[in-house]
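What follows is calculated from the coordinates using simple rules that are stated; it is not laboratory data. Computed from a prediction, not measured in an experiment: that's the story for all the values here. Because the Cβ atoms are built from the backbone with ideal geometry, glycine has one as well, and the counts that use them run over all protein chains shown.
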Amino acid sequence: MPDPTPGPGEVIIEIKASGMCGTDLKYYRASDGASAIGFASASGAPVIAGHEPCGIVCEAGPGVTSPLARIGRRVMNHHYAGCGCCNPCRTGWTQMCDEGSITFGANGDGAHARYMKVPADSLVALPDELSFQAGAAISCGTGTAWGGLHRLGLRGEDTIAIFGQGPVGLSGTQLAVAMGARVIALDFDDSRLERAREFGADCVINARAEDPAAAIIEATGGRGAACAMDCTGSSAARSAAVRSAAKWGRVVFLGEGGNVTIDVSTEMNRKQLSIYGSWTFSRSGQADCARFVAERGIDVDRLFTHSWPLEQAEQAYGLFDTQTTGKGVLIPA
């Protein structure tokens, strides 16, 4: 693939860290790539993967005047492009563009490369206190957890059950603990549960060894969790999240794909339950997350257990596909 050249309103980021996200596995495993979950390249040609970009601005195209686009500026990327004119775009929710959006790493070239071309208005400042790999995590996985917690309106007095302790769920555990909430962490894998405990979870539950909803209700003195967040996309986990929520509870689904069946009367209406969907975050939400992480001294780098040079991407994805590791990152240069 040739190195990109910026057009009007565009910049080139020299990528310093490109995170690997669970959504990437759906593209990796599918015979038709990103189109397996509703994305298709406009040209029909293959695209460069990677939607967790972080690096340094190294070139700007004509008409770019943003201070964020100064050469040498440390930046993350809100990994979408839209029309720039509709209400979602103008409020920072480019992925919801009325005219249709491009998601870098899915139907547009992403960050698993040395250089990446993006709209100048998709840049997000990387605080000086944060590493490039921390910025990569915030560019999707950690930022997605942040978006879900804000959809829930999480408060310090709340107990939250977080289903799945992969990179997104573990980020949710880190952030929720920093917000003052009590966290109940759930997963099938004991090593992931141990990491959740190290990250501040008050209670861990192996959802394969015991009924997760019953265990959450027991751990909350029979009340259920004030909030529940599913990071798995699993029908069983989503159902358990709903069943484990307290009266007047709030539930958010982050995981992509799949379905869930809810007994509306007993599991939702008669508990006065609120159920939300959450799709990543806005551009300003990404900046807020980075600022919170920097100000609170949250060690997002601890999420990463593996790092590879770009040349070892094949080995990296082979291991990542086993889903036995923490978060991985590719370092292009």
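In the elastic network of the chain, a GNM with C-alpha springs shorter than 10 Å, the most mobile of ARG90, ARG151, ARG238 is ARG90. Along the positive direction of the dipole of the chain (beta-carbon charges: Lys, Arg +1; Asp, Glu -1; about the Cα centre), which of ALA120, THR305, GLN272 reaches farthest? Farthest along the dipole direction, towards plus: GLN272. Remark: segment 5-14, residue by residue, has Karplus-estimated 3J(HN,Hα) of 10, x, x, x, x, 10, 9, 10, 9, 7 Hz, where x stands for each Gly or Pro and the curve is 6.51 cos²θ - 1.76 cosθ + 1.60 at θ = phi - 60°. Both radii were evaluated on the Cα set of segment 91-174; the Rg over Rh quotient, with Rh as the Kirkwood radius, amounts to 1.00. For segment 303-327, backbone nitrogen atoms closer than 15 Å to the point 7 Å from CYS58 Cα along Cα-to-C-beta are found at 310-311.
Take the Cα radius of gyration of the chain and divide it by 2.2 N^0.38 Å, N being the number of residues; the result is 0.98.
Per the Debye formula on identical point scatterers at the alpha carbon atoms of segment 182-333, with no solvent, log10 I(q)/I(0) at q = 0.16 Å⁻¹ is -1.08. In this structure the amide hydrogen of VAL64, modeled in the peptide plane, comes within under 5 Å of the amide hydrogens of GLY9, none closer than 5 places in sequence on its chain. Across all Cα atoms of segment 118-246, the radius of gyration (one decimal) and Dmax (whole number) stand at 15.1, 51 Å.
Dipole size of the chain about its Cα centre, with +1 on Lys/Arg Cβ and -1 on Asp/Glu Cβ: approximately 740 debye, rounded to the nearest 20. Bridgeable lysines around LYS271 (alpha carbons under 29 Å apart, same-chain partners fewer than 8 residues away excluded): LYS247.
Look at where the Cα atoms of segment 177-246 and of segment 54-122 average out, and the two centres are 35 Å apart. When Rg and Dmax are taken over the Cα atoms of segment 139-209, they come to 11.0, 34 Å. Net length available on complete extension from GLU194 to GLU311 is 39.0 nm, with 0.36 nm assigned per residue and the Cα-Cα distance removed.
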